[in-house]
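Just so you know, all these numbers are worked out from the coordinates, no wet-lab data involved. Owing to the predicted nature of the structure, the values given are computational and were not obtained by experimental measurement. Ideal geometry is used to build each Cβ from the backbone, glycine not excepted, and the neighbour counts take in all protein chains shown.
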């Protein structure tokens, strides 16, 4: 039996939770998107049952396509409804093709997962695509029941994305209500920063802006070692792709005439995501980081977003563990919302057990090392 889910209230409107009833399994078919659908990809993705995800966007597809991966645009259909999903495909000697449904599949109910994946497998086989594994990471909240149900048909794989545990803030209400919903510590930090003349500047995209944020990110990583940093060239391409589509904004504060805190925030459909950020150390302006986030939240509201994803915290059970590499980030982000949402993360749907066994027993590790040695970049 596959679990049935319903969407949580606003603050977790893309997080799914267990419901213990059952319903007949729907039948799905899978196909590649048409040229017209690809041309209007973001419109289709943001109309998905859970509102889509910026990592399934046309911008992200462009970033990854040709960068070791091939972008495939997959449509799952059932009873007149459709789900549009980005597939990152990679071909390996002997093994064949790996499909990575990044932040997908996006379905209305977790009970749809099994028939949807069966449709994917049937389609791949019918097209003789030689897919040995389909890697998925649906936005389903991690519960013991959900994990048990997924384990019945899939193989747990290491998580990939930084926001498999994350802090989500409901920003659908008016500004004053959202402000009251954040912690008193965050409110006091914002008010003090404003009172002391700290000002947030929304800067236009371009090489100077990119370099400024990248330097702040590098400063943070060097000081705290919180997360790996890709190359400036990668971030330039990433930021360019979203900004040229009107889906990205940069926010900075300055100290002594130089950028001291910076953030890049994505607006994709109704969801806003604090994707990248950094700061100098030992700053004099109190509350500047909180003010940057609050200014970004207000701008995202103006752009029609109703949810703000702070994009990455320790898992909920480790949020107060000072030894966790994301402890500092977690404390800052949960000053805006105490709710940490843990998603189920990555699972493998195995089409070829023999080749998948080779993958998990060492092939993946070897190919990842080769990719890093060849390009200096991360594999996924």
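Just the number, please: percent antiparallel of the DSSP beta bridges in the chain, rounded to the nearest 5.
85 percent
Restricting the count to DSSP beta bridges whose residues both fall in the range 48-139, what percent are antiparallel, rounded to a multiple of 5?
If we restrict to bridges inside the range 48-139, about 70 percent are antiparallel.
Among 68, 277, 317, which one moves the most in a GNM of the chain with springs linking Cα atoms closer than 10 Å?
Greatest mean-square fluctuation among the candidates belongs to 317.
Return the label of the correct value of Rg and Dmax of the Cα atoms in Å, as calculated from the structure shown, out of (i) 19.8, 60; (ii) 22.2, 69; (iii) 20.9, 65.
Step by step, Rg and Dmax of the Cα atoms in Å for this structure corresponds to label (iii).
Rounded, prolate or oblate: which fits the range 50-133, taking a ≥ b ≥ c as square roots of the Cα gyration tensor eigenvalues, rounded meaning a/c under 1.5, else prolate when a/b beats b/c?
oblate
Compare the peptides 42-50, 144-152 by average per-residue count of other Cβ atoms within 10 angstrom and give them in order, highest first. If you can, show how the numbers build up before the last one.
Working: 42-50: 18.9, 144-152: 14.9.
Answer by packing, highest mean first, reads 42-50, 144-152.
Sort 324-337, 352-365 for me by packing, meaning the mean count of neighbouring Cβ atoms within 10 Å per residue, highest on top.
Values: 324-337: 19.5, 352-365: 15.1.
The packing order, highest mean first, is 324-337, 352-365.
Counting each DSSP H run of 4 or more residues in the chain as -39500 (n - 2.57), what helix-only mean residue ellipticity at 222 nm follows after dividing by all residues, to the nearest 500 deg cm²/dmol?
Value at 222 nm, helices only, nearest 500: -10000 deg cm²/dmol.
Measure nothing but the geometry: give the 0 to 90° angle between the long axis through the Cα atoms of 184-195 and the longest principal axis through the Cα atoms of the chain, rounded to 10°.
Once rounded, the angle reads 50 degrees.
When a/c is below 1.5 the answer is rounded, else prolate if a/b is larger than b/c, else oblate, so apply that to the range 165-341 with a ≥ b ≥ c taken from the square roots of the Cα gyration tensor eigenvalues.
Rounded, because the longest to shortest axis ratio a/c is under 1.5.
Against the longest principal axis of the chain, how steep is helix 364-375, in degrees 0 to 90 to the nearest 10, with axes from Cα atoms?
The angle comes out near 50 degrees.
Quick one: angle between helix 207-224 and the longest Cα principal axis of the chain, in degrees between 0 and 90, rounded to 10, please.
90 degrees
Over what distance in Å are the Cα centres of the range 125-140 and the range 51-90 separated?
The range 125-140 and the range 51-90 have Cα centres separated by 12 Å.
Report relative contact order for the range 165-341 in percent, whole number only (criteria: Cα-Cα under 8 Å, sequence separation at least 6).
Computed value for the range 165-341: 35 percent relative contact order.
How do 250-257, 169-176 rank on mean C-beta neighbours within 10 Å, highest first?
250-257, 169-176
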